[in-house]
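Nothing in this text is a laboratory measurement; each read-out follows from the coordinates by a stated rule. Here the structure is a predicted model, which is why all the values come from computation and not from measurement. In this analysis, Cβ positions are derived from the backbone assuming ideal geometry, glycine residues included, and neighbour counts consider all displayed protein chains.
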Amino acid sequence: MTRRTAPRAVLLAAGELLAWWAALALLWLVLISSVDTLERIVGASCAAVGAILARLGRRAVTWR
Amino acid sequence: MNRLRLWLLAVGGAGLAALLVAACLDLPGFGGRRHPYGDRAVQASLARHTANTISSVNFDQRAYDTLGEMSILFAAVLGCVVLLRQARDEHRDRPEPAEVARPVRRYALLVLPVALVTGLYVVAHGQLSPGGGFQGGVVAATALHLLYLGADYGALERVRPLGVYETSDAVAVCAYLVLGLASVLAGTAFLANTLLPYGTFNTLSSGGTVPLLNAAIGMEVASAVVVLLAHFLDQAVEIEEEQGS
Amino acid sequence: MNGWILAATVALGGGGAAVLWGVTTGPPARRVIAQNLATSAVCPALLLLSQGYGRPAYVDLALLLALLGPVGTLVFARLLCDDLSEEGASAWALTWTAAGLGAAAVVALCVAVGPGRAMVKLLVVGALLISGNVIASRALAGGFRGVRGG
Amino acid sequence: MSDAVIVVVLLLVAACATAAVVQRDPARQALVLSVLGVLLAALFTVLQAPDVGLSQLAVGSALTPLLIMLCVRKIRRRGRPKEDAR
C-alpha cells in the first residue's frame, strides 16, 4: 500500500477528476447550441479527456 | 547596371498595374450575394445536410485538396524535425524549474482544460458552426503549451510524451486516407461522401463522412503542432552548443 | 442603422487606433501592454458584431480570442522578460478600464439576448476575457521575474 | 452602416501591416504581427468569413508569436557567451 494507492489518495484523485469532469461537461453544454444524445456522449468523452489533462497538468507542476 | 534593373522593374510593374486595373474593372459588385460557384457549393452542401458550407467544401466537395493541405503540414513538420534535431556537437541540459507568479500559474492550470475542451468543441462542430479540424487542432495544441507558459518546460515534458504525438500524427494521416479508400471499396470515388447516411440537418451526426474527416484533420493538426513546438522549444530552452567549438 | 454594429465600429476604431499607436511606438514595456490591450479591445467588438449581424455562431470567434489572447501575451511576457525593465510593465489603470468596458459590453449583450444558454455563453466569454486580461497584466507586471532559463 | 465598419477595419489592417513591414527588430515585429493577426480576424468577421477569422485567431494569437519568440531567444543565446544566458 504505497502512499499513492492508499484509499484516501485514490478517493482524492477520483474526486478531483470527477469535479473537473463535471465542470468541463457543463462548459460543453453551454458551448453547444442544440442538445441531443450524441452531443452528450461526445461532450462527456471530451470532458473526460480534459479532466485527465487537468489532473496531469496539476501534478506535473507541483511534482518536484 | 543597377539603373537597367530598376527600369525593368518599372516596366514590369506598370504592366502588372495596368492588367490589375483592367481586371478589377469588371469584377462583380462588392459584397454581392450571387456567385456561380457559391450557389452550387451551398446547394451541394445543403443536399448533404452539412450546415457549414465551408466545411462541406473542405471535407466533401474538395476533400482531395484537404488531403494535399494535410500532407503539406505533415511534410513541413517532418522537415522541422529533421532540421532542428540535436547535432553531434550539441548537448542537452535539463530544463531548470522556474518560479512563476502564483496567480499566473493558477490561471494556466485553470485555462488548460478549458482551452482543450474548447478546441475539441470546435473540431467536433466543424460541420455545424464556424470552425473545423484545423482551427480546433491548433487550439488544442496551444492549450497544452499553457503548462510551459504557466510553469516551466520540465512540467510540459512530463505531460507530453513526444513519441505518442508523433505516432498519433501518422495515425491521423492514415485515418484520413483509410476513410478515402473506404469509399473506393464501397464502390464510389476516392473521398466521396457516399459512405455514411447524411443524418438530420444541424446535428452532430449530419454530413456523412465530413465529421470523421474533420476529426482526423483535428487530430493530425494538433499532434503536428505539438511536435513542431516541441522541437522549437528543445532548441530554444534545452539544446546548448559546446562552448569549445 | 444597427446600433450594435455602430458600437462595434466605435470600439474597433478607437481601440484599434490606440493599440496600433501603442504597439508601434514607445518602450518595449508599453508595447507589450498595447498587445495585451488588443485582446480586450477587439473581443467585445466581436461580441457586438455577432449580435449586430444576428449570428450567434460568431460568439465562438470572441470565445477563442478571449481564450488565446492572454496566452499570446503570456508568451511575450515570458520570452521578453529580460527586455522589460526591472519593475516590469504595469498599467493597472488601463487594465481595469479595459476590463470595465468589456464587462459593460457583455452586460449590455446579456440584456439584449435574454436569459438562456446564449446568455451563459456570453458570461463565460466575458469571464474568460476579464480574467485573462487581469492575469496577463499581472504577468507583465513581473509575473516571470523568477524565470531565467526561458 | 455595415460598410463603415468594413472601411474602419480595412484602414486599421493596412496601417498595422505597414507598421509590421517597417519594424525591423524581430521581437517588436512579433508584437505588431500579433496585433495584425487580431485585426485580420476582425476584418474576416466583418466580411462575413468566420471560418477564416477563426483560423487566423487560432494561429496568429498564440502559435506564431511563440514560434517567433523562441527563434529570437535561440539566436540571442547563440550570440551571448554562456554565463548570463543560464
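Taking the conditions exactly as written (more than 10 Å from chain D (Cβ to nearest Cβ), at negative phi and in contact (Cβ under 8 Å) with a residue 40 or more places away in the chain), does C:Leu49 satisfy them or not?
no
Taking the conditions exactly as written (assigned to a helix (DSSP H, G or I) and at the interface with another protein chain (Cβ under 10 Å from one of its Cβ atoms)), does A:Leu26 satisfy them or not? So that I can check it myself, show each step before the final result.
Details: assigned to a helix (DSSP H, G or I): yes; at the interface with another protein chain (Cβ under 10 Å from one of its Cβ atoms): yes.
Judged against the criteria, A:Leu26 is a match.
Within region C:11-37, how many residues are over 16 Å from C:Ala77 (Cβ atoms) and within 9 Å of another protein chain (Cβ to nearest Cβ)?
So the answer is 7.
What residue, among those in region B:204-237 that are assigned to a helix (DSSP H, G or I) and of a type in the set (Gly, Ala, Ser), is nearest to the other protein chains (Cβ to nearest Cβ)? Outline the logic, then answer.
We begin by selecting, within region B:204-237, every residue assigned to a helix (DSSP H, G or I); these are B:210-237.
Okay, now just the ones that are also of a type in the set (Gly, Ala, Ser), so B:215-216, B:218, B:222-224, B:230, B:236.
On the way: B:Ala215: 10, B:Ala216: 15, B:Gly218: 11, B:Ala222: 11, B:Ser223: 14, B:Ala224: 11, B:Ala230: 11, B:Ala236: 4 Å.
Per the criteria, the residue is B:Ala236.
Would you mind telling me which numbered condition in (1) in a loop (DSSP other than H, G, I, E, B); (2) farther than 22 Å from D:Cys71 by Cβ; (3) of a type outside the set (D, E, K, R); (4) over 21 Å from the mean Cα position of the chain (by Cα) B:Leu110 fails?
(1)
To keep it simple, each residue is scored yes or no on (1) under 16 Å from the mean Cα position of the chain (by Cα); (2) within 14 Å of chain C (Cβ to nearest Cβ); (3) buried (at least 19 other Cβ atoms within 10 Å of the Cβ); (4) part of a helix (DSSP H, G or I).
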site: B:Pro28; (1), (2), (3), (4): no, no, no, no
site: B:Ala41; (1), (2), (3), (4): no, no, no, yes
site: B:Ser55; (1), (2), (3), (4): yes, yes, yes, yes
site: B:Thr66; (1), (2), (3), (4): yes, no, yes, yes
site: B:Met70; (1), (2), (3), (4): yes, no, yes, yes
site: B:Leu73; (1), (2), (3), (4): yes, no, yes, yes
site: B:Leu78; (1), (2), (3), (4): yes, no, no, yes
site: B:Ala87; (1), (2), (3), (4): no, no, no, no
site: B:Pro95; (1), (2), (3), (4): no, yes, yes, no
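Within region D:53-72, track down each residue that is more than 12 Å from C:Val75 (Cα to Cα) and within 9 Å of chain C (Cβ to nearest Cβ). Working first, answer last.
Step one: of region D:53-72, the residues more than 12 Å from C:Val75 (Cα to Cα) are D:53-60, D:71-72.
Passing the criteria: D:Gly53, D:Leu54, D:Leu57, D:Ala58, D:Gly60, D:Val72.
Condition first: hydrophobic (A, V, I, L, M, F, W, C) and either touching a Lys or Arg at 6+ places or on another chain (Cβ under 9 Å) or not in a loop (DSSP other than H, G, I, E, B) (or both). Now tell me which residues in region B:183-199 satisfy that. Spell out how you get there, then give the answer.
We begin by selecting, within region B:183-199, every residue hydrophobic (A, V, I, L, M, F, W, C); these are B:184-186, B:189-192, B:195-196.
Within region B:183-199, B:Val184, B:Leu185 qualify.
Confirm whether B:Gly180 is away from chain D (no Cβ under 14 Å), part of a helix (DSSP H, G or I) and touching a Phe, Trp or Tyr at 6+ places or on another chain (Cβ under 9 Å).
Details: away from chain D (no Cβ under 14 Å): yes; part of a helix (DSSP H, G or I): yes; touching a Phe, Trp or Tyr at 6+ places or on another chain (Cβ under 9 Å): yes.
So B:Gly180 fits the description; yes.
Going by the structure shown, is D:Leu54 over 22 Å from C:Ala17 (Cα atoms), in contact with a Gly (Cβ under 9 Å, 6 or more places away or on another chain), crowded, with 23+ Cβ neighbours inside 10 Å and not charged (D, E, K, R)?
Values: over 22 Å from C:Ala17 (Cα atoms): yes; in contact with a Gly (Cβ under 9 Å, 6 or more places away or on another chain): yes; crowded, with 23+ Cβ neighbours inside 10 Å: yes; not charged (D, E, K, R): yes.
Against the criterion (over 22 Å from C:Ala17 (Cα atoms), in contact with a Gly (Cβ under 9 Å, 6 or more places away or on another chain), crowded, with 23+ Cβ neighbours inside 10 Å and not charged (D, E, K, R)), D:Leu54 qualifies.
Is at least one residue of region D:27-47 within 9 Å of another protein chain (Cβ to nearest Cβ), closer than 22 Å to D:Leu67 by Cα and loosely packed, with under 15 Cβ neighbours inside 10 Å?
Within region D:27-47 (the criterion being within 9 Å of another protein chain (Cβ to nearest Cβ), closer than 22 Å to D:Leu67 by Cα and loosely packed, with under 15 Cβ neighbours inside 10 Å), the answer is no, since none of the residues qualifies.
Could you tell me whether any residue of region B:138-145 is of a type in the set (A, V, I, L, M), over 20 Å from the mean Cα position of the chain (by Cα), facing another protein chain (nearest Cβ under 8 Å) and farther than 23 Å from A:Glu16 by Cα?
Among the residues of region B:138-145, not one is of a type in the set (A, V, I, L, M), over 20 Å from the mean Cα position of the chain (by Cα), facing another protein chain (nearest Cβ under 8 Å) and farther than 23 Å from A:Glu16 by Cα, which makes the answer no.
Please pick out the residue among D:Ala20, D:Ala30, D:Ala15, D:Ala4 that is under 30 Å from B:Asn52 (Cα atoms) and either among the aliphatic types (A, V, I, L, M) or assigned to a helix (DSSP H, G or I) (or both).
Result: D:Ala4 is the single residue among D:Ala20, D:Ala30, D:Ala15, D:Ala4 that is under 30 Å from B:Asn52 (Cα atoms) and either among the aliphatic types (A, V, I, L, M) or assigned to a helix (DSSP H, G or I) (or both).
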